[in-house]
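Some notes on the structure that comes next.
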Amino acid sequence: MTPGTPTGSVGADRVRLPVVRGWSRPRGGSRKISTAPRPCRRSRGRSQKAPWLYLAPALVVLGGLLVYPVYQLGLISLFQYTQAQVSGGEPTTFQGFGNYAELFSDSQFWQVLLATVVFAAGCVVSTLGVGCALAVLLTRVRAVPRLALMLAALGAWATPAITGSTVWLFLFDPDFGPVNRVLGLGDHSWTYGRLSAFFLVLLEVVWCSFPFVMVTVYAGIRAVPAEVLEAAALDGASQWRIWRSVLAPMLRPILVVVTIQSVIWDFKVFTQIYVMTNGGGIAGQNLVLNVYAYQKAFASSQYSLGSAIGVVMLVILLAVTLVYLRLLRRQGEEL
Amino acid sequence: MRPVSSVPFLRRPWRLLAEVSALLVAVVVAFPLYWMVLGAFKPAGEIESSEPRPWTLAPSLDSFRRVFEQNEFGRYFLNSLVVAGTVVIVSALIAFLAATAVTRFRFRFRTTLLIMFLVAQMVPVEALTIPLFFLMRDFGQLNTLGSLILPHIAFSLPFAIWMLRGFVKAVPEALEEAAYMDGASRSRFLWQILFPLVFPGLVATSVFSFISAWNDFLFAKSFIISDTSQSTLPMALLVFYKPDEPDWGGVMAASTVMTIPVLVFFVLVQRRLVSGLGGAVKD
C-alpha cells in the first residue's frame, strides 16, 4: 500500500461525511482522495470477471425482454402476420419489405406521421417554454410562493397519465366542465374538432411534463454562481440579455438533456391520446404513430403492419438518440 | 449557492409581481387536482350539473362507495400494488448491481454497454407490445401479473442504472480500499457498505419504476385479456369511463384513489429526487 492512500477506518471516517449528507455536493471531494496511486485491486485475478457477474442479471433481463422483442418486432414486420396466422394456424409467409411498401403507400400513414411530428414538436416547445420560464420565475421569488409552485408542480408530475387524462377531459367536458362555463363556450365539444382535440391533449401533456423541466432547470440555475449574475446585472444587462447570454450557455448541458428527454417522451405519447380522444379520435383524426401501431395490431389484427410502424418509430427515436450522443460527446462528457 | 441569489437586483414592485404570478401559476397547476378531489366528494346531483361550482356544501362518499363496491376493486388495487412493488424491488436490486459494475470497474465494452443503456431508454415501449404479446403467449404468461411485472422490470432498468451511476460514483473509492484492507470480501463490501450508502439513491430511482408500473395502462389492456381478476387499477378506472356516458363521480373517485399512493411516494422522496436528477443530469 502506498503511503498516500488513506487506510483503515481513518480513511473511512474522513470520507464518510459527504457521502451520508448526499450526492449533490460538488464533485471533487472524493477525487482528491483517489488521486493517490491506485492500489492493486484492479489487477486482482477475479476483477475481470466480477463486473460481468454483477451485470449478468441486468443483461439477462434486458436481453430477454428488450433486445429479443426488438428483434422480433423487426422480424414480424417482414412477415405476413394477421389473425389467420396467430390463431388460425396458417403458415406465416415471408413478405420482405411488402409491409413497408403497403405502409408507405398508405396516405393515412403519412398523415399520422406528420401529425405525430407536429404534435410532438408543439408539446416539446410548450413544455420547454413553460418549464424554463417558471424555473426563472422560481429564482425571483421568496420561499413561500416558491414552495407553493414547487408543490403544485410535483402534484402534476406525480399524477398518473390516465387519471390526468380523465381529469382534463372532465375539466373541458361540454356539459359539466368548468372551463366551458368560465369561457362562456356553451356546450362546445373540445374533442370533436381535430385541432381542438390535439390542443386539449397538448395541454394535458404540458401540464404533466413541465415539472421535470422546471425542477431540473431550476436546479441548474441555482448552481450558477451568484457573482456571475451580479456582474452581468452591474454591467447593465437586461433580464432577457442575462438569460440569453449568461444563463442559457451555462445551462446548455442541462437544456440538451431536458430537450432530448422531452422529444422522446412527447414522440411516444400514448395514454393521453388513447384515453382523451377515445382511441385516436373520430375516424382516426387524432392518431399518433404509437396509437396507430397499437390500433393496427390489436384492433384490426394486422400485427405485421403494426410492427412495421413500430420499426419506423424505433428508427426515428434512434436518430434522435444519435444526435443526443453527439451533443454529449461534443461537451466532452465522459460516460 | 445562496437561496435568494438573484433577488437583490430585482426591484420591489417587480418582485411582488413575480410572486403574485408564481402563486397564480401554482393555483392553475394545482386546479385539476383540486377539481379531481372535489369531483370525488361532490354528491351526484352536483357533479352532473350545468352550473359547476368550485366548492361543495354537501360532501358525500357515494362515489368512493361506488368505486369500492365495484367488482373486485380492492383486488385491482392489490394487483397494482403487487406489480409496482415487485418491479420496484427487483429492478432496484438488479440496477444496483449493474450500476456498481459500470462505475467501480474498468473493463472492455464498458463504454459500449453504457451507450447501449442510454439507447435502450429510447426504445418505444409501446411498439414492443406486439412482440411481447407473442412472447407472453408462448410462455403462457398472458392473463397473469407476471406479464405486467417482467416487461416493466426490463423497461425501468436502463434509466435506473443510468441514474444510479451518479450515486454509486459518489461513494469514495478509498472506502472500498479501506474495506478490503480490513479484510472484507467483495460481497460483504457490496451489501454491507455500498448498499446502505447508495440506498437513498435507490429510493429516488425507484420513483420512476414505481410510476411506470403503477400507471401502466397499455400492458394491462393488452396482456390481461380474459381473466379480469388479474387486472390493475387503470382498467378499473376505465370501467367508469364510458366515452358516451361517463360516470364522472366514479371516475374522479377512482382517479383520486389511484393518484394518492403516487403523491405520497413523491412527497416522501421529493428532496432526493431533485438532487438525484441534478446528479443524473450532470454526469
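What follows draws every value from the coordinates through simple rules; no lab data is involved. Please read all numbers here as calculations on a predicted model, not as lab measurements. Glycine gets a Cβ as well: all are built from the backbone with ideal geometry, and neighbour counts include every protein chain shown.
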Response to the item:
Taking the stretch B:119-133 and keeping only residues that are more than 18 Å from the chain's Cα centre (by Cα) and more than 7 Å from chain A (Cβ to nearest Cβ), one is left with B:PHE133
Worksheet item: Can you find a residue in the stretch B:29-37 that is within 13 Å of chain A (Cβ to nearest Cβ), free of Cβ contacts under 8 Å to residues at least 12 places away in the same chain, aliphatic (A, V, I, L, M) and crowded, with 17+ Cβ neighbours inside 10 Å?
Response: yes
Item to complete: Report those helices (runs of 4 or more DSSP H) wholly inside the stretch B:74-189 carrying at least 3 residues which are of a type in the set (D, E, K, R) and touching a helix residue (DSSP H, G or I) at 6+ places or on another chain (Cβ under 7 Å).
Response: B:173-181
Discussion item. Suppose the filter is more than 9 Å from chain A (Cβ to nearest Cβ), over 15 Å from B:LEU97 (Cβ atoms), in contact (Cβ under 8 Å) with a residue 12 or more places away in the chain and touching a Phe, Trp or Tyr at 6+ places or on another chain (Cβ under 8 Å); does B:PHE208 pass it?
Written reply: yes
Worksheet entry | Residue count for the stretch A:142-155, restricted to those that are surrounded by fewer than 24 Cβ atoms within 10 Å (Cβ to Cβ), at the interface with another protein chain (Cβ under 7 Å from one of its Cβ atoms) and among the aliphatic types (A, V, I, L, M) | 3
Discussion item. Any residue at all in the stretch A:245-253 that's out of contact with any Phe, Trp or Tyr (no Cβ under 8 Å at 6 or more places or on another chain), within 10 Å of chain B (Cβ to nearest Cβ) and over 26 Å from A:LEU325 (Cα atoms)?
Written reply: no
Discussion item. Condition first: free of Cβ contacts under 8 Å to residues at least 60 places away in the same chain and buried (at least 21 other Cβ atoms within 10 Å of the Cβ). Now tell me which residues in the stretch A:182-207 satisfy that.
Written reply: A:TRP190, A:TRP207
Practice prompt. State all residues of the stretch A:256-299 that are closer than 17 Å to A:ASP106 by Cβ, more than 8 Å from chain B (Cβ to nearest Cβ), among the aliphatic types (A, V, I, L, M) and more than 22 Å from the chain's Cα centre (by Cα); if no residue qualifies, say none.
Written response: A:ALA283, A:ALA299
Worksheet item: Does any residue of the stretch A:131-140 turn out to be part of a helix (DSSP H, G or I), in contact with an Asp or Glu (Cβ under 7 Å, 6 or more places away or on another chain), more than 7 Å from chain B (Cβ to nearest Cβ) and touching a residue at least 40 places away in the same chain (Cβ under 8 Å)?
Response: no
Practice prompt. Working only within the stretch B:48-88, note down all residues that are surrounded by 14 or more Cβ atoms within 10 Å (Cβ to Cβ), free of Cβ contacts under 8 Å to residues at least 12 places away in the same chain and within 13 Å of chain A (Cβ to nearest Cβ).
Written response: B:PRO52
Worksheet item: So is B:PRO200 touching a residue at least 24 places away in the same chain (Cβ under 8 Å), within 7 Å of chain A (Cβ to nearest Cβ) and within 17 Å of the chain's Cα centre (by Cα) or not?
Response: no
Worksheet item: Do we have A:GLU102 as out of contact with any Ser or Thr (no Cβ under 6 Å at 6 or more places or on another chain), more than 14 Å from every other protein chain (Cβ to nearest Cβ), charged (D, E, K, R) and part of a helix (DSSP H, G or I) here?
Response: yes
Response to the item:
The number of residues in the stretch A:54-101 that are of a type in the set (Val, Ile, Thr) and more than 27 Å from B:GLN121 (Cα to Cα) is 4
